[in-house]
Amino acid sequence: MTTQFNTLPLKAELLANLETLGFTQMTEIQAQSLPKILAGKDVVAKAKTGSGKTVAFALGLLNSLEVERFRIQALVMCPTRELAEQVAEEIRRVGRMIENMKVLTLCGGTPMGPQIGSLSHGAHIIVGTPGRIMDHLSKRRLKLHDVKTLILDEADRMLDMGFEDEMEAVIKASPNDRQTLLFSATYPDQIKQISLKVQRNPIEVTVESTHDTNKIKQLFFEVDENHRVKATAALLSEYQPESAIIFCNTKIACQTLDDELTALGFSVMALHGDLEQRDRNQVLVRFANRSVSVLIATDVASRGLDVKGVGAVINYQITPDPEVHVHRIGRTGRADAEGLALTLCNPNEIGRANAVEDYQQQKLEWKGIQAMRFHANRIVQPEFQTICIDGGKKAKLRPGDILGALTKDAEVPSEDVGKINVTATHSYVAVKLRSVKRSLKQFNEGSMKGRKFRARKLA
């Protein structure tokens, strides 16, 4: 099996860009799927988040793109807006040497007007969520008759979120002679049925795991149902991870745990389906830039979340699906880092723990929770706070403008400035607590790009 990108029949500008990005060796999912994708075959691939699948299908659709034909030639459907935006950004990054290429995102939770305007000007590639794509299709603002490549990304979660009807309607609206690529972290019977209906002689590709579970220290704790919150607080104060993701099976459990841990003094925020899109975005930004230490999430809400350096994963409730358990704990121990996964399990859930043991084919390590106690003086508080600036890409702001305003104009030490995230209308910058006051004063009294911008702390 070939493992070098330069052995593939890719356009010269794609190969040149891969080299500038430092991509020479393919990941396992890329090595297995890309030759088939480039040959025009339908592919159904089982691969986890972080496997490199986005680059695989991005290269496939970009290699067949005819930029001079200003028509929608590729459509990517994703379960959430966050994932859709990540995918669109990755396609732009992989294809940045292709001149005049236009990628458009169509997602719910954002105003319809700007999307209608963008659609009227045309695009080559559409990335979006099933519901919003369906909205534009039904109003005939979106036409798919020139689509050559259709991609269903994380199809299992789209089914979990109830998008089956929308998916089928969008697929029906695209040409029969298209190439269809289906990517899924799990492979339930529903996915098999969709593949049979929408793909032609698909080639199956499976990459079982994208992380080495041997690098993840897994511990299981048996707890009484009434002691889950106390046990979680004890684990956080005992192991003191700088950042942690806590998984719950329901959004009610998510919100309850959020309230309880906040009352105890933890820096924590919840991510679940009841949040408005603006609030979801701010939760994700604050956790990613280390101004919130603990993120509580459901599996569906967290799909597409790619945060580096997560110190620990805590399973507040053990999932009934052992494959999902492996997906959860894979959020820690990425790259060369050691990971920590802590799972709470009540006596009625032992069967679920046994299923995880069978699936992983390794003995579970159990520890007693009774000896652990919550200590308020051992709570890890974040070093950073997030500042939101009311201006983004549309105002021509760039990360360098924000960094310059802080380090040059306000003389904030460079080590006090953390991650900078610029969206279409807002910008977010993480600043160490000691420099927040000075930074806010600079943003609100100074200028960037010759303009005034308002800024505030996200509390």
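Is it the case that region 184-204 has a residue that's out of contact with any Asp or Glu (no Cβ under 8 Å at 6 or more places or on another chain), assigned by TED's automatic domain parsing to the domain that holds E338 and free of Cβ contacts under 8 Å to residues at least 24 places away in the same chain?
no
Select, from M134, M158, the only residue that is assigned by TED's automatic domain parsing to the domain that holds I116, under 13 Å from C78 (Cβ atoms) and assigned to a helix (DSSP H, G or I).
M158
So which pairs qualify, if the first residue must be in region 142-170 and in contact (Cβ under 8 Å) with a residue 24 or more places away in the chain, the second must be polar (S, T, N, Q) and part of a helix (DSSP H, G or I), the Cβ gap must be under 6 Å, and the two must be at least 6 apart or on different chains?
Partner pairs satisfying both residue conditions: L159/Q190.
Are there any helices (runs of 4 or more DSSP H) wholly within region 212-301 with 2 or more residues that are aliphatic (A, V, I, L, M) and under 26 Å from P111 (Cα atoms), and if so which?
Result: 277-288.
What are the residues in region 423-459 that are assigned to a helix (DSSP H, G or I) and among the hydrophobic types (A, V, I, L, M, F, W, C), if any? Walk me through how you get there before you give the answer.
From region 423-459, those assigned to a helix (DSSP H, G or I) are 433-445; that's our starting set.
Of everything in region 423-459, those that are assigned to a helix (DSSP H, G or I) and among the hydrophobic types (A, V, I, L, M, F, W, C) turn out to be L433, V436, L440, F443.
Consider region 30-71. How many of its residues are in a helix (DSSP H, G or I) and at pLDDT 90 or above? Before you say what the answer is, go through the steps one by one.
As a first pass, look at region 30-71 and keep what is in a helix (DSSP H, G or I): 30-38, 53-63.
Filter once more, so that each one left must be at pLDDT 90 or above: 30-38, 54-63.
Qualifying residue count for the region: 19.
Among the listed residues E242, E225, which satisfies the condition of being surrounded by fewer than 16 Cβ atoms within 10 Å (Cβ to Cβ), in the same structural domain as H272 (by TED's automatic domain parsing), of a type in the set (D, E) and closer than 17 Å to L344 by Cα?
Numbers: E242 fails: closer than 17 Å to L344 by Cα.
Just one listed residue meets the conditions, E225.
Exactly one of these conditions fails for N100: (1) surrounded by fewer than 18 Cβ atoms within 10 Å (Cβ to Cβ); (2) not in a loop (DSSP other than H, G, I, E, B). Give me its number.
(2)
Report the residue count in region 173-206 for those that are in a loop (DSSP other than H, G, I, E, B), of a type outside the set (S, T, N, Q) and surrounded by 17 or more Cβ atoms within 10 Å (Cβ to Cβ).
Filtering region 173-206 down to residues in a loop (DSSP other than H, G, I, E, B) leaves 174-178, 185-188, 199-202.
Filter once more, keeping what is of a type outside the set (S, T, N, Q): 175, 177-178, 185, 187-188, 200, 202.
Those left that are additionally surrounded by 17 or more Cβ atoms within 10 Å (Cβ to Cβ): 178, 185, 187, 202.
Of the residues in region 173-206, 4 are in a loop (DSSP other than H, G, I, E, B), of a type outside the set (S, T, N, Q) and surrounded by 17 or more Cβ atoms within 10 Å (Cβ to Cβ).
Can you name every residue in region 365-415 that is basic (K, R), in a loop (DSSP other than H, G, I, E, B) and not assigned by TED's automatic domain parsing to the domain that holds V223? Please lay out each step first, then the result.
First, the residues of region 365-415 that are basic (K, R): 367, 373, 378, 393-394, 396, 398, 408.
Imposing the further condition that a residue be in a loop (DSSP other than H, G, I, E, B) reduces the set to 373, 396, 398.
Matches in region 365-415: K396, R398.
In region 116-158, how many are of a type in the set (D, E, K, R) and crowded, with 16+ Cβ neighbours inside 10 Å?
Residues of region 116-158 that are of a type in the set (D, E, K, R), as a first pass: 132, 135, 139-141, 143, 146, 148, 153-154, 156-157.
Adding the requirement that they be crowded, with 16+ Cβ neighbours inside 10 Å leaves 132, 135, 146, 148, 153-154, 156-157.
Total satisfying the criteria: 8.
Of all residues in region 78-92, count the ones that are surrounded by fewer than 21 Cβ atoms within 10 Å (Cβ to Cβ), among the charged types (D, E, K, R) and either modelled with pLDDT under 85 or closer than 18 Å to Q277 by Cα (or both).
Within region 78-92, residues that are surrounded by fewer than 21 Cβ atoms within 10 Å (Cβ to Cβ), among the charged types (D, E, K, R) and either modelled with pLDDT under 85 or closer than 18 Å to Q277 by Cα (or both) number 1.
The values are calculated or read from the model by the stated rules, or taken from the named source; none is laboratory data. What you are looking at is a predicted structure, and each value in this text was computed from that prediction instead of being measured. For neighbour counting, all protein chains shown are included, and Cβ atoms are generated from backbone atoms with ideal geometry for every residue, glycine included.
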